[in-house]
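Everything below concerns the one structure shown next.
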């Protein structure tokens with residue numbers, strides 16, 4: 001009976017450790033945030049134009065204006081951080097210099 005327990009693969013001494021599972025990297029075209037940021041900002045601009053024609057001065061118009069302005073500011077910060085990363089600035093986000101945009 002001692003022989004059977006030594007041969008079982010479920011014994012903690014004989015089972016190899018399980019490999020660590022890693023998440024596969026995204027394809028390069030899906031890892032680039034520039035098209036998403038620009039598309040979202042463009043959609044806010046379309047909303048500005050639409051509501052400027054239908055309900056100028058309404059809450060929808062000003063919501064779209066705010067979305068468009070914040071999209072421009074966000075894209076500017078993103079570009080600023082990317083250039084700092086490419087320069088090798090110490091305070092820049094890591095991993096942005098390899099992305100083209």
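Listed values, structure above:
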{"quantity": "Selection from the range 58-80 of residues that are modelled with pLDDT under 90 and surrounded by fewer than 16 Cβ atoms within 10 Å (Cβ to Cβ)", "calculated": "77, 79, 80"}
{"quantity": "Answer residue from the range 36-66, given it is under 16 Å from residue 78 (Cα atoms) and touching a residue at least 12 places away in the same chain (Cβ under 8 Å) and is nearest to the chain's Cα centre (by Cα) among those", "calculated": "37"}
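Residue-by-condition table, conditions (1) in contact with a helix residue (DSSP H, G or I) (Cβ under 8 Å, 6 or more places away or on another chain); (2) assigned to a helix (DSSP H, G or I):
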| position | (1), (2) |
| --- | --- |
| 22 | no, no |
| 35 | no, yes |
| 44 | yes, yes |
| 48 | yes, yes |
| 57 | no, no |
| 65 | yes, yes |
| 69 | no, yes |
| 78 | yes, yes |
| 81 | no, yes |
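The values are calculated or read from the model by the stated rules, or taken from the named source; none is laboratory data. Because the structure is predicted, anything quoted here is derived from the model rather than measured. So basically every Cβ, Gly included, is an ideal-geometry build from the backbone, and we count neighbours across all protein chains shown.
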